[in-house]
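The values are calculated or read from the model by the stated rules, or taken from the named source; none is laboratory data. This structure is a prediction, so every number in the text was calculated from the model and none was measured. Virtual Cβ from ideal backbone geometry, glycine too; neighbours counted across all protein chains shown. These area figures cover heavy atoms from the full protein model, side chains too; ligands, DNA and RNA do not enter into them. Shrake-Rupley method; radii C 1.70, N 1.55, O 1.52, S 1.80 Å.
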Amino acid sequence: MIRTNFVLLLLACAACASAAPSTTFHKDVEPLLQAHCQTCHRPGEIGPMPLLTYQQTRQWSAAIKEAVMLKKMPPWFADASAHQRYKEDLSLSNLEMETIRKWVDAGSPEGDPKDAPKPRTFLEGWNIGKPDLIVSMPEAYRIPATGTVEYTYLIIPSGFKEDTWVKAAEIRPGNRAAMHHAILFARTPGSKWLAEYPPGVPFVPAARPGSKHRSSDGDRTIEGSLADEWIVGYVPGRRPEPLPDDTAFLVKAGSDFVLQIHYTPNGKESTDLTKVGLVLSRQPPAHRAFIAGVVNNKFSIPPGAPDYKVNGSLTMASDAKVLAAGPHMHLRGKSMLMRVTYPTGESEVLFDVPRYDFNWQQMYAFASPTSLSKGTKIEITAAYDNSPNNPHNPDPTATVEWGDQSWNEMALGTFTLQIDRDADLDALFQKPAKKPRDVAAN
Ligand code: HEC
């Protein structure tokens with residue numbers, strides 16, 4: 001008996017010894033880099049170094065292991081165990097993380113180039129197909145070599161004479177290497193949001209004189225609905241999320257587009273000329289896409305508080321489907337969870353972002369839309385770190401309230417709804433919903 005086991009053991013060992021080095025670059029790691037890293041880590045993109053070849057990757061192997069094991073890379077912060085059904089999930093599985101760890105620990109062997117997958121090709125040009133309309137910055141914006149650039153805004157009149165339905169939209173940065181995110185909003189006629197700034201000239205909103213903590217976003221964000229609509233966002237490495245068929249965003253006649261860009265200086269002075277492509281719907285669609293938010297703008301984070309919680313909630317007054325959702329906080333934002341509780345009492349997590357990163361503003365799109373029937377409650381729980389241990393904290397001695405500057409805070413969980421084309425936005429959520437005026441006045 002003992003003898004047989006011994007022989008079997010010897011046989012097993014012989015098999016493993018004759019196998020090629022177990023984890024190699026070409027066989028195991030390169031396919032992962034193609035699928036999870038190269039959209040950003042290639043020349044001209046935001047990743048600080050290319051990870052296309054063995055030589056390029058090898059010299060970074062220690063940093064790669066660290067970034068991957070700490071889940072800093074790839075940038076994907078929604079915990080998959082909370083909600084399994086995301087589209088285009090960038091994250092690595094535990095098994096894939098383990099592959100990278102093993103490869104680095106084995107001394108980053110190259111392996112046989114014959115095992116290499118075909119190089120990945122990347123789509124250049126519009127992902128949404130040929131746009132009907134291109135909204136462009138009037139001239140290139142100069143990005144400094146170093147320092148921090150606050151969120152920069154540009155107002156571009158749409159010139160739309162009638163209500164227009166946008167089926168697909170895509171932001172194409174002129175300078176991907178220096179752009180951390182961008183968002184295109186449609187500002188409805190009469191809105192006071194950023195009304196003091198002229199169109200066509202990029203600007204960084206200033207704090208309003210006489211106001212402690214409000215300048216721009218305060219007028220835009222009302223509880224329940226965002227009065228001036230978010231049309232499309234750009235985050236490095238993600239393709240624009242297609243809307244379901246027969247669904248489009250409504251841009252009212254006479255609206256202005258507002259482009260918000262977060263530039264991140266990368267060591268060389270450079271310029272950016274960003275364009276936004278829009279595919280329009282000839283006929284009004286059956287459904288409207290509408291981005292709404294759960295907001296709490298009445299909080300006060302004490303100085304030094306390491307884990308200050310802010311909650312917010314909203315209840316559906318009509319039926320809708322939710323297509324995507326994501327957190328929005330600023331530099332003290334630590335984590336956010338969004339949960340829906342159906343009228344049956346059952347509940348589900350839409351996203352759980354346990355380690356929020358202000359630099360990566362992401363919306364997480366669901367593989368299949370979730371139905372929110374009338375009476376469904378949507379809640380957010382946000383946590384903030386206002387202690388000196390938060391390396392991003394601009395001032396741990398400050399009491400922090402709502403405001404759009406990065407040194408103020410926000411507690412905003414956004415989500416994209418699919419609603420009837422003619423749905424009454426005022427009847428979407430149970431009262432009390434705030435009017436923009438009420439929020440602007442406080
Ligand atoms: C969505 C774009 C994107 C993707 C995808 C991405 N990265 Fe990154 N990576 C960045 C950016 C941008 C930085 C610079 C730091 C920052 O902004 O967070 C970075 C930084 C890094 C660093 C740190 C470099 C340093 O200076 O120490 C490593 C290592 C890294 N990435 C590895 C990876 C690996 C491995 C993958 C895939 C598993 C990956 N990244 C996927 C954008 C990306």
Pairing a residue in the range 169-183 that is touching a residue at least 40 places away in the same chain (Cβ under 8 Å) and over 17 Å from Arg42 (Cα atoms) with any residue that is open to solvent by 30 Å² or more (accessible area, probe 1.4 Å) and of a type in the set (S, T, N, Q), where Cβ atoms lie under 7 Å and the two sit 6 or more apart in sequence or on different chains, gives Glu170/Asn127
Condition broken by Gly125, with the remaining ones in (1) in a helix (DSSP H, G or I); (2) surrounded by fewer than 17 Cβ atoms within 10 Å (Cβ to Cβ) satisfied: (1)
Condition broken by Arg332, with the remaining ones in (1) open to solvent by less than 30 Å² (accessible area, probe 1.4 Å); (2) under 23 Å from Tyr234 (Cα atoms); (3) at pLDDT below 95 satisfied: (3)
Would a scan of the range 164-181 turn up a residue that is open to solvent by 20 Å² or more (accessible area, probe 1.4 Å), modelled with pLDDT of 95 or more and aromatic (Phe, Trp, Tyr)? yes
Is there a residue in the range 201-216 that is closer than 28 Å to Leu323 by Cα and either surrounded by fewer than 17 Cβ atoms within 10 Å (Cβ to Cβ) or modelled with pLDDT of 85 or more (or both)? no
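For (1) within 12 Å of the ligand (Cβ to nearest atom); (2) at pLDDT below 95; (3) in contact with a strand residue (DSSP E or B) (Cβ under 8 Å, 6 or more places away or on another chain), each residue gets a yes or a no:
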residue: Leu33; (1), (2), (3): yes, no, no
residue: Cys40; (1), (2), (3): yes, yes, no
residue: Tyr54; (1), (2), (3): no, no, no
residue: Lys71; (1), (2), (3): yes, yes, no
residue: Ala82; (1), (2), (3): no, yes, yes
Which count do you get for residues in the range 116-134 that are aliphatic (A, V, I, L, M) and modelled with pLDDT under 95? 2
With the structure loaded, tell me whether Ser108 is farther than 30 Å from Glu229 by Cα and open to solvent by less than 30 Å² (accessible area, probe 1.4 Å) or whether it fails that test. yes
Considering only residues of the range 335-375 that are β-branched (Val, Ile, Thr) and surrounded by 18 or more Cβ atoms within 10 Å (Cβ to Cβ), which is farthest from Gly47 (Cα to Cα)? Val340
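Within the range 230-284, track down each residue that is of a type in the set (Ser, Thr, Tyr) and either within 16 Å of the ligand (Cβ to nearest atom) or open to solvent by 40 Å² or more (accessible area, probe 1.4 Å) (or both).
Tyr234, Tyr263, Thr264, Ser270, Thr271
Let's see how each residue does on (1) among the acidic types (Asp, Glu); (2) away from the ligand (no atom under 16 Å from the Cβ):
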{"position": "Ala78", "(1), (2)": "no, no"}
{"position": "Ser91", "(1), (2)": "no, no"}
{"position": "Asp105", "(1), (2)": "yes, no"}
{"position": "Leu133", "(1), (2)": "no, yes"}
{"position": "Arg142", "(1), (2)": "no, yes"}
